[in-house]
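Student: Handing you a structure now.
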Ligand SMILES: [Zn+2]
């Protein structure tokens, strides 16, 4: 059976949203953008996504204003979350929490802290130390108890960078 290419109920905001972020891989690309991935090759390496699919998903995200596509000096292209894209953070955080609760018996894959005081963030994004709902730019992420390093010797620079504590959106620097 072939699914229709658009949802019939276009008048629903959820249906419209799913047309932007509901395609396979899209939210994983957005998640990696929060984790500092900016370059095509790094998304491809990190997600092991077919390159044609990645090209298509990035194009949609740029068209919809979730990512910006910026030409860097030296000819590199970087994709960055826009303010509109950053607004997706609570959605991602909630989906990750849900996955941890139901599909990760050893605990959270990643934990989030308030950079200012090191307080752990709860499921609403509130700091357990100071009680603030912490803005994205002040959130540190680090491997949680359920984190499993990628197996085998082929662990690349992107995987290593994602496995260390970092600030959200902090650009990942990989050797190239
Ligand atoms: Zn705090």
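Student: Can you find, within the range 114-130, the residue that is surrounded by the fewest Cβ atoms within 10 Å (Cβ to Cβ) among those that are without any contact (Cβ under 8 Å) to a residue 24 or more places away in the chain and within 7 Å of the ligand (Cβ to nearest atom)?
Tutor: If we take residues in the range 114-130 being without any contact (Cβ under 8 Å) to a residue 24 or more places away in the chain and within 7 Å of the ligand (Cβ to nearest atom), then 130 is surrounded by the fewest Cβ atoms within 10 Å (Cβ to Cβ).
Student: Surrounded by fewer than 11 Cβ atoms within 10 Å (Cβ to Cβ) and either farther than 24 Å from residue 137 by Cβ or touching a residue at least 12 places away in the same chain (Cβ under 8 Å) (or both): is that true of residue 75 in this structure?
Tutor: Criteria met by residue 75.
Student: Would a scan of the range 63-73 turn up a residue that is out of contact with any strand residue (DSSP E or B) (no Cβ under 8 Å at 6 or more places or on another chain), at pLDDT below 90 and more than 16 Å from the ligand (Cβ to nearest atom)?
Tutor: Within the range 63-73, one or more residues are out of contact with any strand residue (DSSP E or B) (no Cβ under 8 Å at 6 or more places or on another chain), at pLDDT below 90 and more than 16 Å from the ligand (Cβ to nearest atom).
Student: Hey, another quick one. List every residue pair whose Cβ atoms sit under 8 Å apart, with the two residues 6 or more apart in sequence or on different chains, where the first one lies in the range 17-36 and is more than 23 Å from residue 111 (Cα to Cα) and the second, anywhere, is assigned to a loop (DSSP other than H, G, I, E, B).
Tutor: Filtered contacts from the range 17-36: 18/7; 19/6; 19/7; 20/64; 20/66; 21/66; 21/88.
Student: Is at least one residue of the range 104-111 within 16 Å of the ligand (Cβ to nearest atom) and either outside any helix (DSSP H, G or I) or modelled with pLDDT of 95 or more (or both)? It would help to see each step written out before you state the result.
Tutor: Step one: filter the range 104-111 for residues within 16 Å of the ligand (Cβ to nearest atom), giving 111.
With the extra rule that they be either outside any helix (DSSP H, G or I) or modelled with pLDDT of 95 or more (or both), the set shrinks to 111.
Yes, the range 104-111 has at least one match.
Student: Can you find a residue in the range 83-101 that is modelled with pLDDT of 95 or more, exposed (fewer than 14 other Cβ atoms within 10 Å of the Cβ), within 14 Å of the ligand (Cβ to nearest atom) and in a loop (DSSP other than H, G, I, E, B)?
Tutor: The answer is no, given that none of the residues of the range 83-101 is modelled with pLDDT of 95 or more, exposed (fewer than 14 other Cβ atoms within 10 Å of the Cβ), within 14 Å of the ligand (Cβ to nearest atom) and in a loop (DSSP other than H, G, I, E, B).
Student: Output the residues belonging to the range 136-165 that are over 12 Å from residue 110 (Cβ atoms), more than 11 Å from the ligand (Cβ to nearest atom), surrounded by 13 or more Cβ atoms within 10 Å (Cβ to Cβ) and modelled with pLDDT of 90 or more.
Tutor: The answer is 136, and nothing else.
The values are calculated or read from the model by the stated rules, or taken from the named source; none is laboratory data. Small disclaimer: the values here were computed from a predicted structure and weren't measured. No Cβ is skipped: glycine too gets one built from the backbone with ideal geometry, and neighbour counts run over all protein chains shown.
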